[in-house]
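K.L.:
Encoded as structure tokens, here's the structure I'll be asking about.
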Amino acid sequence: MPPTTASKKSISNEQWEAKLAAVKVAKEDMNKLVMNFLVTEGYVDAARTFEQESGTAPGVQLGGITDRMQVRQAVQSGQVEVAIDKVNDMNPEILEEQAALFFHLQQQRLIELIRQGQTEAALAFAQEYLAPQCEDDEALLEELERTVSLLAFEQPATSPVGGLMDVVQRQKTASELNAAILASQGQEKEPRLLLLLKMMLWAQGQLDEKASYPRLTDLATARLSQVGS
Amino acid sequence: MAMVARNGNGPSCQQLEEGLKSSDSSTRLQAVRELKNTVIGNRFKKQQFTGLVPALLELLTSSSDADLLVQAVAALGSLAYGVDDGVRAIVACNGVAGIVGVLCSSNERVVAAAARSLKLLYQSPLAPRDALLQQPVLLRLVSLLQQPQHDSVAEAAASVLGHCCTSASQASSIAAAGAVPALVQLLSSQRRSCQESAVEAAQQETARQLLPACLSVLPRLVRLLAAADAAAAGAGVSHAATPAAAAAAAGSPAYRALLGLAGEAGDSRYLQQVPLLLALLMDGRPELLQLAMDLDAIKLLVKLLSSKAAAAAAAATTSQPDATAAAAKAASSSKPAGTAAAKARAAAAAAAAAAAAAAADAGASEVAAAGAACNLLLGFSSVRQPLIKAGALPALSSLTASMLPELRLYAAWALKNASHEAEPEVQQQLLQEMSWQDFRGLLVGDHDVRVQEQAVGLLQNLCKGAAGVEQLTAWSGNELLPLLEEQLEPALYSSLAAAAAGDGSSSSSSSGAAADQQQQQQQHLKARLDLCERLQTALEQLGVK
């Protein structure tokens, strides 16, 4: 019988929380999820400490993660050339084969030059390194134009494209590179926790059509909404 | 490190060359490192710095500093990747020998870098294959295959060997050097890129040697096929917005290009090999057929068949709209206009040629899949059912319309096998899937006599089966019996018999080429005669005298 909006089931917070309390999740599973997150994102020291404190096995050689972590840290501190050098030593095929990733790294170098106020150097760099790659690709050209437009403003950070100057942009680039390295090593690109959260959001979406119930509106706090409010 | 100078410009060719030739070791190292980081991923820079190949090779042969060697060989590999001029420059300076020399180093990092460089270099068809198949080098490469803790090195070695495996004799050399056990080992690796490289290397002769180990190999191959299938499906969803997805939906060359874009599924070359290997390994061995069935290999093969069939059909229809329109116009016009009809025929011929070119491009894997389906549809009824349930019949029926004679042959053969002593439902399905027009085309219209043979076999099975005279007649729109009678017209029959018998006597005085031609004609006639006899049997089956 297809559900109609009129006959949507309603579940109160008490009922919902009672059902939740009845579900069992093993502590070991949660520990593994946390360890998987730390390892995938490259937090080696945290992973080591967590291993000691919880007794959870890391599942991979922590020493092998160090290179990857150094690459990530280099990008996040704005030292893109160092990251490029390191990733090329780890596996030159990564940047050879992934044009979009390569572009984003060069784009980050451009952003750093702009951040340092080196306007002429930035323009020359864009012309020599970035423009040729955009010849065949409109999407990349658009991104290049947005980045170069930073130079038109006296205060690039507060301009409409100022988001590019933000540290979040560095993290985005770092994550993209990290995922590529993981993939080249035959490992999963994303932490399992992310997959679980996506599944939960999808399931909520499905349930929304059939019932009104306490929803998780804030992933970070996992607070449930109040039904009927 | 000064990768980009103060004014934003990168190092010039001259600056780098000076750095490479400097007497100071740290200057040399810095120059090589800069060069490496500039060219990796940057097609334009590679072209700009191709002239530095000789200087780099000089460093390879003269230096013993591990750090320097790692950077230099990496730069060389990168200069060759995707740039023909780079490959030519390396070959011209006898660069392969230089890189191979470094491959034999005792330093692991150097060996790893050299192996990866070779892998990049040998993706180009311009790289000299035979140079790597000489004994000391070949043995070194094979020994690198057996490095369990260094997956990337083994993978690189397998990839290089795979690219050197373009002829039967090359494959034999590689197999003779003992590569096969190591390749089997690689196939069991956790990393899909290792498996893919191993599949690339396992071709032709080496594949036959895989047979003893095939029980462990087969699951791997099936998993590779499944992974590629899933990646293509997933990639189709995630690339939905791009033109690539539209292209992928339209035809099989784009399907392969999309796999390349998706990255996950790896090089499309291996995707061609997997069905071939599967077909080879399953050839007539019941335990393997059973294993294949258990592993859902059936579903995957059928999926491959139907996707290629759909792609071929799509390619055919998109290239023929003009022909169809012209033909329709010519047909509908009242007077038999010679020029319009000729135009339609010319357009149809051009479109057919284009479609043939498109289909020919996609040759090997469908043929292999159809060949595998042939074997799987044989008497082992436990394997036949799942295959038919998975939709093999529609897929095979559409393949009988292919431009490739091999594909038509295997598809018709597979259908014949499927119909042999088949259940009534299966026969019904066959009649539903296959239109009389298409079947008639195979039976009397096909240029390849082998295809006609299989079509006759299919007809025989149908006649012997539960379908019955009325149903078959209805299916054929009452054309079946007249067609058979026409084919068996007594005059035609006797002239064929005379021609076949008569040709043998006059060949003794002819030259070699003419005798060959006569022999071919004789064989052709004999084949026609055989067909006629079988059609006669079919008629008798239908209860018509």
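K.L.:
Do any helices (runs of 4 or more DSSP H) entirely within region A:114-208 hold 1 or more residues that are modelled with pLDDT of 90 or more and more than 11 Å from chain B (Cβ to nearest Cβ), and if so, which?
P.N.:
Working: elements: A:119-125, A:131-134, A:138-148, A:167-184, A:192-208.
Output list reads A:138-148, A:167-184, A:192-208.
K.L.:
Here are the criteria: (1) open to solvent by 30 Å² or more (accessible area, probe 1.4 Å); (2) under 21 Å from A:Glu176 (Cα atoms); (3) away from chain B (no Cβ under 13 Å); (4) touching a helix residue (DSSP H, G or I) at 6+ places or on another chain (Cβ under 6 Å). Tell me which single one A:Ser54 does not satisfy.
P.N.:
For A:Ser54, the exception is condition (2).
K.L.:
Given the structure, is A:Glu143 open to solvent by 80 Å² or more (accessible area, probe 1.4 Å) and of a type in the set (Asp, Glu)?
P.N.:
No: the conditions fail for A:Glu143.
K.L.:
Kindly state which helices (runs of 4 or more DSSP H) lie completely within region B:39-141 and contain at least 1 residues that are hydroxyl-bearing (Ser, Thr, Tyr). Even if it seems obvious, please write down each step before you answer.
P.N.:
Details: elements: B:43-48, B:53-62, B:66-80, B:84-92, B:95-103, B:108-121.
Fully inside region B:39-141 and qualifying: B:53-62, B:66-80, B:108-121.
K.L.:
If A:Ala126 satisfies every condition in (1) crowded, with 19+ Cβ neighbours inside 10 Å; (2) under 30 Å from B:Asp151 (Cα atoms); (3) not aromatic (Phe, Trp, Tyr) but one, which is the exception?
P.N.:
Unmet for A:Ala126, out of (1) crowded, with 19+ Cβ neighbours inside 10 Å; (2) under 30 Å from B:Asp151 (Cα atoms); (3) not aromatic (Phe, Trp, Tyr): (2).
K.L.:
Which numbered condition trips up A:Gly64, out of (1) assigned to a helix (DSSP H, G or I); (2) more than 13 Å from every other protein chain (Cβ to nearest Cβ); (3) at pLDDT below 90?
P.N.:
With (1) assigned to a helix (DSSP H, G or I); (2) more than 13 Å from every other protein chain (Cβ to nearest Cβ); (3) at pLDDT below 90 applied to A:Gly64, the lone miss is (2).
Residue-wise test of (1) within 11 Å of chain A (Cβ to nearest Cβ); (2) farther than 18 Å from A:Tyr129 by Cα; (3) polar (S, T, N, Q).
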position: B:Gly41; (1), (2), (3): yes, no, no
position: B:Lys45; (1), (2), (3): yes, no, no
position: B:Leu52; (1), (2), (3): no, yes, no
position: B:Ala55; (1), (2), (3): no, yes, no
position: B:Glu58; (1), (2), (3): no, yes, no
position: B:Thr61; (1), (2), (3): no, yes, yes
position: B:Leu69; (1), (2), (3): no, yes, no
position: B:Ser78; (1), (2), (3): yes, no, yes
position: B:Ile90; (1), (2), (3): no, yes, no
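K.L.:
Hey, could you check region B:411-470 for residues that are over 15 Å from B:Leu535 (Cβ atoms) and of a type in the set (S, T, N, Q) and say which is nearest to the chain's Cα centre (by Cα)?
P.N.:
B:Asn417
K.L.:
What number of residues in region A:7-35 are of a type outside the set (Asp, Glu), in a helix (DSSP H, G or I) and open to solvent by 40 Å² or more (accessible area, probe 1.4 Å)?
P.N.:
Count: 12.
K.L.:
Next up: Identify the single condition in (1) touching a Leu at 6+ places or on another chain (Cβ under 8 Å); (2) not in a helix (DSSP H, G or I) that A:Ile84 does not satisfy, given that it satisfies every other one.
P.N.:
Unmet condition: (2).
K.L.:
Here is a further query. Residue pairs, Cβ under 9 Å, 6 or more apart or interchain, first in region A:160-178 and β-branched (Val, Ile, Thr), second open to solvent by 50 Å² or more (accessible area, probe 1.4 Å). List them.
P.N.:
Within 9 Å, the pairs are A:Val161/A:Arg146; A:Val161/A:Phe153; A:Val167/A:Gln76; A:Thr173/A:Gln76.
K.L.:
Do we find a residue being modelled with pLDDT of 85 or more and out of contact with any helix residue (DSSP H, G or I) (no Cβ under 9 Å at 6 or more places or on another chain) anywhere in region B:164-179? Even if it seems obvious, please write down each step before you answer.
P.N.:
Residues of region B:164-179 that are modelled with pLDDT of 85 or more, as a first pass: none.
No: zero hits.
K.L.:
Okay, moving on. What is the one condition in (1) within 13 Å of chain B (Cβ to nearest Cβ); (2) β-branched (Val, Ile, Thr); (3) open to solvent by 10 Å² or more (accessible area, probe 1.4 Å) that A:Ile84 does not satisfy?
P.N.:
(3)
K.L.:
Please work out which residue is nearest to the other protein chains (Cβ to nearest Cβ), limiting yourself to region A:88-102 and to residues that are within 17 Å of A:Gly186 (Cα to Cα) and aliphatic (A, V, I, L, M).
P.N.:
So, considering only residues that are within 17 Å of A:Gly186 (Cα to Cα) and aliphatic (A, V, I, L, M), the one nearest to the other protein chains (Cβ to nearest Cβ) is A:Leu95.
The values are calculated or read from the model by the stated rules, or taken from the named source; none is laboratory data. This is a predicted model, so every value here is computed, not measured. Don't worry about glycine lacking a Cβ; one is built from the backbone with ideal geometry, like all the others, and counts go over all protein chains shown. When the accessible area is computed, the model is the full protein with side chains, heavy atoms only, and any ligands, DNA or RNA have been set aside. Shrake-Rupley method; radii C 1.70, N 1.55, O 1.52, S 1.80 Å.
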